[in-house]
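Q: Dumping the structure here so I can ask a few things about it.
The values are calculated or read from the model by the stated rules, or taken from the named source; none is laboratory data. Bear in mind the structure is a predicted one, so any value in this text is a computation, not a measurement. Cβ: placed from backbone, ideal geometry, glycine included. Neighbour counts: every protein chain shown. With ligands, DNA and RNA removed, areas are computed over all heavy atoms of the protein, side chains included. Shrake-Rupley method; radii C 1.70, N 1.55, O 1.52, S 1.80 Å.
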Amino acid sequence: MEEMTDALRRAFPFWEHLSQAEKERLVDHTRPLHYPKGGSVHRGDEDCVGILLVKKGQLRVYMLSEDGRDVTLYRLFEGDVCILSASCVLEAITFDVCIDAEEETDVFQISSQTFRALSEQNIYVKCYGYQLTTTRFSDVMWTMQQILFMRADRRLAIFLWDEISKSGSDEIHMTHEQIARYMGSAREVVSRLLKYFASEGIVTLFRGGIRIVDKNKLRGLI
């Protein structure tokens, strides 16, 4: 219970603006959940699982077409909050997304009804909800901008740069298929571009991963 309370306090800037009763209500209606790698967390408008605070692991948020194709919108990591899993909470959420666990993932799940009730009675909670929704919508628009208007080589360079910036490592342990899924591209396109990057001395390729060997060249493609 103490661990969960600390996690909520650190994750939510509105915590200090809650009354003691509101804090207790939030904690009482939060529970730990575990999702296995590849597990389904949320499926469009079929469910409303609540607000998710990622304790450990990684979630992928994506849109799914009628013919089964998907586009990754963004990913969530430790300490991130997922609000699109609670589409029933905010009227501003007007599009359906799917969410999967990309690896073994532990989250704290906050009841949709509880978060809605707190939003209605506490302006700080309500503002946080809309602010987070706006931030995620900006992430979605950035993804769409890349897919619609950027060359594939620049998109790949941005993806690789973002990955090494987040991890602090020059190695990215992902398959070409995974990278293509995150970029909303085809595996063949990613493989062809990675071979080109390798021929230019930007990366070296190894089984199951990529090593960045010239960051200046990579940065120059962005």
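Q: Filter the chain for me: DSSP H helices, axial length by Cα at least 15 angstrom, mean Kyte-Doolittle hydropathy not below 0.0. List them by residue number.
A: The answer, listed by residue number, is 123-149, 187-199.
Q: Tell me, what is the 1.4 Å probe accessible area of residue 48, in Å² to the nearest 10?
A: 50 Å²
Q: Quick one: 3J(HN,Hα) in Hz for segment 210-222, Karplus 6.51/-1.76/1.60 with θ = phi - 60°, rounded, Gly and Pro as x.
A: Rounded to whole hertz, the list is 9, 10, 7, 10, 9, 5, 5, 5, 4, 4, x, 7, 7.
Q: List the extent of the Cα atoms of the chain along each of their three principal axes, largest first, rounded to whole Å.
A: 62, 37, 30
Q: Sequence gap at least 6, Cα distance under 8 Å: using those rules, report the relative contact order of segment 80-211 to the nearest whole percent.
A: 17 percent
Q: Something else: Can you sort 147, 202 by 1.4 Å-probe accessible area, starting with the largest?
A: 147, 202
Q: Which order do you get for 188, 120, 22 if you rank them by accessible area with a 1.4 Å probe, largest at the top?
A: Numbers: 188 110, 120 140, 22 25 Å².
Accessible-area ranking of 188, 120, 22, largest first: 120, 188, 22.
Q: Next up: Once both labels are modelled 7 Å past Cα along the beta-carbon direction, what's the residue 19-residue 162 spacing in nm?
A: If labels sit at residue 19 and residue 162, their model points lie 4.2 nm apart.
Q: Another question about this same structure. Heads up, I need the accessible area for residue 102: 1.4 angstrom probe, whole protein in place, Å², nearest 10.
A: 30 Å²
Q: Between residue 144 and residue 70, 0.36 nm times their residue separation minus their Cα-Cα distance comes to what?
A: Extra length available between residue 144 and residue 70 comes to 25.4 nm.
Q: How many lysine pairs are close in the chain, with Cα atoms under 22 Å apart and the two 8 or more places apart or on different chains?
A: Here the count comes out as 11.
Q: Further question on the same structure: Return a whole-number percent for the relative contact order of segment 1-84, with Cα pairs under 8 Å and 6 or more residues apart as the contact set.
A: The value is 24 percent.
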